[in-house]
Each structure stands twice: as C-alpha cells, then as structure tokens.
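The values are calculated or read from the model by the stated rules, or taken from the named source; none is laboratory data. Quantities reported herein were computed from a predicted structural model and do not represent experimental measurements. Positions of Cβ are backbone-derived with ideal geometry, glycine not excepted, and every protein chain shown enters the neighbour counts. These area figures cover heavy atoms from the full protein model, side chains too; ligands, DNA and RNA do not enter into them. Shrake-Rupley method; radii C 1.70, N 1.55, O 1.52, S 1.80 Å.
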Amino acid sequence: PPWGPPLLPSPSAPPPSPPLPPWGPPLPSSPPLPPSKPPTAYATLGFSSILTSEVQWVGMMVIAILVISAICIVCGVYSVYFATTNGMAIHRVDAVGAAKRARKRVSTVAPGFDPEQESQRVLDAMHPHFKDIKADGTQPSLTGGDFFGDAVDEKTGLSYNLLTEKGKQGGTSYYNKEALHLLTRAIDISKMIDAKGIYEQGAAQLNANPHKFFAVSEPTTKLKAFVSHTWASKEFVPETDAADRREHSEQTTKAIMWHIKFGMMNVGNFLSHLIIAALVTFYPPVGFGVGLIVMFGLPLWIVSTNSPFVMWFLGLSGNQFWMDKATIHQANRTKRTQGKPYTGTEHEVNFDKLNEPEKAERTSKYRVLNQAGVGLFDHFLTQSQELWVLFIPRYITRVWCIYEMAYWLRLMKEDKKRKIKMIPIERNNGLYDSLPLHQGVVALMSCVYCAVITIAGTYFHKKGPNSASLGVGLELAIVGGILFCLVIGAFVLAFFYKKDIKPAKARRATVVSDLKKFTWQAAVATDAADKQHVEDMIVSLWSKQLKKNHADATAMIAEFEKYVQTDVANQIDDLLKSGERALLMNYIAQILSVIILDGLIIGLIALDIVRPIIAPTYGIWASNQLSTSYGMFFAIAVIVILIDIAIFAWVKRKWGKIM
C-alpha cells in the first residue's frame, strides 16, 4: 500500500557509487603489458649465447675436435710415410751436409764458370789405361771390350767393368775409387721436371755441348732411382724433330709431375673435405663457401708446384736420380779448330767414312767418359733402389730399355725391397692436362650438392615450422637423400671411368699384346754395334741363369725373348693395371668424401642432434627466416662460383707451363 514501508533493493544489485568530486584521485587502472620481442635467434643469424650445458653444442664440439684431430693425424702420418718409405733418409736428415754441398756448387752457376772443368776432373781421376790413344788412333771402345776384364760375376755371368773394384784384366786392377765415385752421378728432381732442360735436347744438341749437361749432375754414393726411358717418342724426321722433341719434353715433365704428386694430391683431396667438415661445425654457410674454394684449388697447387719444400716433404730433394742424358757424358765427335783445344763436341754424320787419322783427330778426348758411363750400366742399376720407367709404346721396341727392365726384374728376385715405378707418359699427361677441368666439375657438383642439402636441411629442420609437412620421418628422408646422392655419384664415377680409365685399359692391352709378340730381331738400337754389345750381355746373363754354355747365342736370345714375352709382359701389365686401380680408388674416395663428410654434418644439424659451435641457434633461425637464409646461401654460392671460375681461368692460362 502507498502508506507502507519502501521495498528493499535486490541483494544482487550493487549499491550505486557515490559521485567523486572533480578534485578527487583518478581511478586505478591495470599496468600496460611490455611490447613482445622476437626471439633472439631471428635477429642474430643464429649467433646466440653459447650454453655449454646443451648436449647439441657439446656434440658438435666433439665432432670438430675429431675432425681437426683427423687432419693433424693424416698430415703427420703422411709426412712420416714419405720420410721413411718414399725418400732416402740421407737426403732428408742430412740438412747440414746438403747446405755445404749447395754452397760448394755455387761456383758452377757463377759467371765465368767453365763446365768443362767438371769433365776434366773426372777424366783426370781415371787410370791412364783408359785415356791412352791406341796405335790405330782410336780410344778405348765399349764394344771392343776395353772396359771389361776377365773377372766374371758369379751371379750374373757378366764380366766386371774394369772401373769397378772387382774388375781385373790379367790380374791387373785399374780401379780408382775416386774415378768410380765421380762417374756415379745423379741429378735432382728440379732437372727431372724442367721441360726446357735435358728432355728437349736431342743427341745432336747434347753432343754439341756435353760439358754443360754433364755438369748439372753431381757424384753421389746412393741412387734412389734409375730412370729408364727412350730419347724420343717418334722416329727421327729432320723437318719435325725440334717440334717432336718439344712435345715429348713437355709431356714427360707433366707425366713425372703427376706421378710424384699423385699420392699427395689424393691426401690433399681428402684433407680438403675434412677442412670443409671442420669449418661447417663452426658455421655451415661460410664453412661450405671457404671449404669449396680450398677443395678446388688445393689439388691444382699440389700437382703444379715445384716448391723445394714440397719436394723435400716428398723425399725427392737432393741428387738421387740417375738419367743418362745428364749423368753420362755425351761427348762424341768434334770438329776441331787447328791450334785450339777441345771445347766440346759436335755431331759428325759421316764419321765412319773418315780414315783412322781423321777419326782420331775428330774424336773428343772426353769420348772415353761416355764409353765408361755406358759400360757401368749394371753398376748404376745395382746401386739404385727403384727403377722409374718413363713409358711410351716405343719403349718396348728399344734394345737398352728392354735390357734394363729384364735386368731389374732379375735384381728384384734377389732383393724384394727393390721397386718399379711405372710412369705412363700418355696417360699421365692426359690426366695432368684435364685436372683443372676435372676439379672444376667436382667443385661445381659439390657446390650444387652442398646448396641442396643446406636448403633442404634448413627447410625441414626438426624444430622449424615445416618439419611436419615432410610426410615421413626426417631421419628416413636424410637416409633417402644420401642414397640418392650415392646413385648420382655412381653416374659421375661411370663418366670418369669412361673418360680416363677405359682408354688406359685399351692402351695397356695393346702394349701387353705387343710384348707377347716381342722378337729380338725387331728390337731397335742406335747402331748395329750398340745392339751387338747388349746382345752379348744378354747371352752372358741368360747362360748363367740357365747354367748352360753360352756358345749357342741363338738359344740364349730365344730364352730372353721368352722371358720378355712372359715375365716382362706380365710385370708391365700388373704395373699399368695398378695405376688404373689407384686412379679408380681416387675417384671413389673423392665422391664418397663429398657425399658423406660434407653432407653428414648438415643432416645432424637438421635433426638438431648437434648445433654449430659459434651459432647454436642457426638451424632454428634459418628455418623460421627462409627468405633471408636462402638469400644468404645464394649470395655465398655465387661468390664461391665466381672465385672458382677466376681460379680456373688463371690456371688454364698457366697450366701448359710447369709453375
């Protein structure tokens, strides 16, 4: 009723707030939220703080230590290997003696030095018996038997050379220790790889100035290698002789460079991939970029350099190579100026048509040094540790070459430590010439491979936003990717096999087939007397081996032919085949190194099993910032390709020369 009490307000409705005076305090409000910050990894390319407690970072550190340790171990073991097996200790350890010998030899290159002094020094040391002119005006002759006595080596059946300690004639010894030492000479590796040196000089040129080339060699007490070779790759044609010799000299030096550097190049290839792996453990994009440049350039530098340090490292420094062009005096005939002393020799084509007094007049007094050196072939062979064969198809047709090979195989049966190093000129020269292109192809494919695995690993990073879209496990995808790359690598291997190894196998089959049809009658020598001299030595050797009377020379030569057709042919076949196997293994190791060493670490990063040492959040950043990371990859790839192209262009201009 209107007169009743007012209704009470509902308890659920709050009482109205009293109005605040305008001068009262403002109503309290909640504090504003701080602005959100992007993850640190987004702004630092993955260079965030390092937490040593993270298992992933520690795992990568362990990998880095293992890879760097592997690099040190490979370098150390390889150095020790060459110090003990590929070079004579005397030439690596005797540094003081080498320095003294170098200072002593300064006079040979000083202005005004006369190389004939070296020839005269050797001539003066020899017994007068070898220097006396005979009654008919001729000098002692190799084919005349003047250098061989009646004492015979019981092992070989050959007469001892009178210049050696055991050589005697009628009980008289003409041995002179100093003379034999001065005649046992060697050259260093720099002369072996000088395309403008002894290889380019034909017989006429060496005869014209034999003292110059004889003086480049030095006496030695031990020979590392007896270098067996032919003087020319083609038959003598006056119109093309100079060009033929120039081509042969360039091919020979390149083939030797490939031979002595092949092992080191293989190790360099492997080390370059280890270096890439080591750099990737720190920061993958930059590691791949720097590593790919090293991978392309390092083998090229190894093969082309003639650095004295590299030669020393390979155990090839010092005078330890016997090669007849420089270690045997090439004095022959001379056109003598009346009233003037002998200054050298010059090739005399019609010498045999001269009478005896004219022959005596035109025979150099140093001709006896040539005869003495040729007569000591057996001595030089027995003093050598290795036989280096500069092999061309013409080699198996030359009398002296076949004799040297056959004699060396006999020595190997007595001493298993002796070795043969086969240096196929044609094959090695082709490999040398194609190396820049080969490395370019390998570098380009490696660059593409590294880019693909890096982009894929970034996109599908395990902690990135795209890993779920893969459809299969990331581990399975990585294994499948590696298998796919191995298939591609097999096609690459097939390409190199067809390009390099298949032609080498065809050439080897031809050589072995020709050797199996070898006949002494078809073998070639400088002249008939030279061939007869070698034939006499072969008859003595094989009659002693078979314990038969060597009066039947025809039967002994037939036995020698059989030996060449079987033992020599099989040995050359095995040597050439081993070179092909080594080349194939090099290609396999190179392809596997690229796929496994370079790709495995990226796979581990994608799985977040390990993290880069200086950028632990690199993988997370890259997978969340694809456009930025891909732009960085592309820029680095372009820089690497441009640098490699520049290196390739420079190398191609210089590659025809021995740098």
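Protection proxy ranking for 56-68, 374-386, using the average of other Cβ atoms within 10 Å per residue and placing the highest first: 374-386, 56-68.
Summed over all non-identical Cα pairs, the Kirkwood treatment of region 522-613 gives a radius of 18.3 Å.
Considering all different alpha carbon pairs of region 176-300, the Kirkwood hydrodynamic radius works out to 18.2 Å.
Distant-in-sequence amide contacts of residue 420, defined by a placed amide H-H separation under 5 Å and a gap of 5 or more residues or a different chain, comprise 387. Using a simple spin-label model with pseudo-atoms 7 Å out from Cα toward Cβ, residue 521 and residue 286 lie 7.6 nm apart.
Shown is the FRET efficiency for residue 490 and residue 114, computed with R0 = 51 Å from the Cβ-Cβ distance and rounded to the nearest 0.05: 0.25.
Highest mean first, the peptides 122-130, 289-297, 171-179, 215-223 sorted by other C-beta atoms within 10 Å per residue fall in the order 289-297, 215-223, 122-130, 171-179. Evaluated at q = 0.18, 0.25, 0.31 Å⁻¹, a Debye calculation over the C-alpha positions of region 420-477 (equal weights, vacuum) places log10 I(q)/I(0) at -0.72, -0.96, -1.13. Surface composition of region 434-514: carbon and sulfur atoms hold 76% of the protein heavy-atom accessible area at a 1.4 Å probe. Less than 5 angstrom separates the built amide H of residue 236 from none of the residues sequence-distant by 5 or more or on a different chain. Averaging Cα coordinates gives a centre for region 402-437 and one for region 237-293; these two points are 20 Å apart. If you take the alpha carbon atoms of region 140-228 and fit the smallest convex hull around them, that volume is 142 Å³ per residue.
Quickly rank 616-626, 585-595, 486-496 as a protection proxy: mean count of other C-beta atoms within 10 Å, highest first.
Numbers: 616-626: 22.2, 585-595: 18.5, 486-496: 13.5.
Output ranking for 616-626, 585-595, 486-496: 616-626, 585-595, 486-496.
For region 583-659, a/c is not less than 1.5, where a ≥ b ≥ c are the root eigenvalues of the C-alpha gyration tensor, and a/b does not top b/c. That puts it in the oblate class.
What are the aspartates and glutamates whose alpha-carbon lies under 13 Å from the alpha-carbon of residue 254, with same-chain residues fewer than 8 places away excluded? Straight-distance partners of residue 254: 194, 426, 433. Separation of the alpha carbons by more than 25 angstrom is noted, of 261/417; 416/517; 234/544; 224/654; 131/325, for 416/517; 234/544; 224/654. Sequentially through region 531-541, phi angles give Karplus couplings (6.51, -1.76, 1.60; θ = phi - 60°) of 5, 5, 4, 5, 4, 4, 5, 5, 4, 5, 4 Hz, Gly and Pro residues having no value and appearing as x.
Partners of residue 155 within straight-line reach, counting aspartates and glutamates whose Cα lies under 19 Å from its Cα and excluding those fewer than 8 residues away in the same chain: 165, 378, 404, 414, 415, 535, 536, 559. Taken one residue at a time, the phi angles of region 410-425 give Karplus couplings (6.51, -1.76, 1.60, θ = phi - 60°) of 5, 5, 5, 5, 8, 10, 5, 7, 6, 10, 10, 10, 8, 10, x, 4 Hz. Gly and Pro are set to x. Across region 388-466, the volume of the C-alpha convex hull divided among the residues equals 137 Å³ per residue.
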